[in-house]
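Heads up: the structure comes next, in structure tokens.
The values are calculated or read from the model by the stated rules, or taken from the named source; none is laboratory data. Computed from a predicted structure; not experimentally measured. All Cβ positions, glycine included, derive from the backbone under ideal geometry; neighbour counts span all protein chains shown. Side chains included, ligands, DNA and RNA excluded: accessible areas come from the protein's heavy atoms. Shrake-Rupley method; radii C 1.70, N 1.55, O 1.52, S 1.80 Å.
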Amino acid sequence: MIEKRDFYIDGKWVAPEIPSEYDVINPATEQKIAVISMGSQADVDKAVAAAKKAFDSFSQTSKQERLALLKRILEVYKKRKSEVAEAIKLELGAPHKLAHGAQSGVGVGHLEGFIEALEKFDFEERTANGDLIFKEPIGVCGLITPWNWPINQIALKVLPAIATGCTVVLKPSEITPLNAILYAEILDEAGVPAGVFNLVNGDGPNVGAALSRHPDVAMMSFTGSTRAGIAVSKDAADNVKKVTLELGGKSPNIIFDEEGALDVVKRETRRVFSNSGQSCNARTRMLVERSIYDDAMRVAAEAAKGQPVGDPDEEGFHIGPLVSALQFERVQALIQAGIDEGATLLAGGIGRPEGLETGYFVKPTVFGNVNNNMRIAREEVFGPVVALIPFDTEEEAIAIANDTEYGLAAAVQTNDAEKAMRIARKLRAGMVHINNSDIGYGTPFGGYKMSGTGREGGQYGLEDFLEIKAVSVPS
């Protein structure tokens, strides 16, 4: 049993003001693996006070000093990366290959991306009329991160804050807190000054809300559900603090009747299943040209039936469980909604895969004959569920793709480069992936509409943590 009851505040591990224990569950076994503490308003007050005190000096450090600090963090993170991977495997249920690959690897990639961006970043510039523009750290930042890509989101928030001279209080997901505690140890080992980084575990209604409402917090950066992001925004409004949000998605994936299209259907179906479908940018609405729609349904169903599901400890390309009992029930309910609303269940369905009676495992599921008004086409399932929707023309595909309250990501699969760019310009999404491509480290991540505000990564991620000061000087 892992016991991690203390919080990291002002450079020390300290006990919570009010003892309140929370069990961390291994989603593959449904067994308790760790005990943490849940924070309170008093813990948030203490952490914010430490961050506020540290801001006075840390905000005045030079870019070169902060670059040196980021490089030390990178060195320590690389040394302890395997520990982070094992924690994510244990608490998220990410399979070994994924945990030791992308899930922990993003901690290196994003850090290298921010180092490169900071090296090129100018904190002072002059306008055409001679005025000076200072880009200054905004202040104490409250950071709330999710469970599905935990280190990814911690890195995308903590690192640009430190890079720009801000101080932070992090509230990671209480469902996957162990990797965040390890990250605090890494920052401490790398020599991050006391008070610059603080960690308080807890839930959204208590610790998250206390951070969002705190008058000494200048900015909130939140990643999670749209519902929770709205709550953060409302809590922050009374203090008129800056809020950046990376929220949900229902990303369309447009596939045309061209050479190799069915191979694309197979690849893109498996892509959705990665991380057990628990990715905000998962391309879960597969829009397929009607002339190949029947074949696409067959191929997608075969891909789902051939997708292994199994023990996260084992090597291989299988997928693991969903993160929690609550998430399992939500996904089951949406699969049932797809059946009830008349979509054709092509593969998967309700219940656990055969031979996996314990753990929050879900059958890789594909629905055909879906229309864009069904719940499985409009709501974020956040599980290994693909909905196939037919279209007849390029214009109809674009209309269906944009007919959503979300706008995080989209994809276009075509051999016609001109067509791909034409469609990309018309899609209302923060990221468009053409064919088998993905954005790189340092490229802005974020969305339109109810998928959020602001961007994470690289130069744009740095700018979100800065205030702009205009200084006029005598001519």
Where only C-alpha atoms are counted, convex hull volume of the range 346-475 per residue in Å³: 196 Å³
Heavy-atom accessible surface of the chain: percent carbon and sulfur, 1.4 Å: 49 percent
Difference of contour (0.36 nm per residue) and Cα-Cα distance, D392 to T344: 15.3 nm
Percentage relative contact order, the chain, counting C-alpha pairs under 8 Å, at least six apart: 19 percent
Calculated P(r) of the range 1-123 - Cα pairs past 26 Å, %: 43 percent
Listed residues A231, F361, T393: farthest to the positive end of the dipole of the chain (Cβ charges): A231
Gyration tensor verdict on the chain (Cα atoms; rounded if a/c is under 1.5, prolate if a/b is larger than b/c, oblate otherwise): oblate
Contact order normalised by residue count of the range 291-413, Cα under 8 Å, 6+ apart, percent: 22 percent
The chain: calculated mean residue ellipticity at 222 nm from DSSP helix runs of at least 4, using -39500 (n - 2.57): -12000 deg cm²/dmol
Packing-based ranking, highest mean first, of 61-70, 375-384, 152-161 given that Cβ atoms within 10 Å are counted: 152-161, 375-384, 61-70
Spin-label model distance (nm) - S291 vs L132, 7 Å beyond Cα toward Cβ: 6.4 nm
Rounded D (µm²/s) - the range 134-263, Kirkwood Rh over Cα pairs, Stokes-Einstein at 37 °C, 0.692 mPa s: 208 µm²/s
Per residue solvent-accessible surface (Å²) - the chain, probe of 1.4 Å: 40 Å²
Net +/- balance of residues flanking F134 in space, Cβ distance below 15 Å, scoring K and R +1, D and E -1: -3
Percent antiparallel among DSSP beta bridges (both partners in the chain, rounded to 5): 40 percent
Loop-resident sites, the range 252-304, for GluC sites (Glu not before Pro), counting at most 16 other Cβ within 10 Å (DSSP): E258, E259
Shape box of the range 142-201 [Cα atoms, principal axes, largest first, Å]: 28, 20, 16
Percentage relative contact order, the range 351-475, counting C-alpha pairs under 8 Å, at least six apart: 16 percent
Packing-based ranking, highest mean first, of 7-16, 335-344, 170-179 given that Cβ atoms within 10 Å are counted: 170-179, 7-16, 335-344
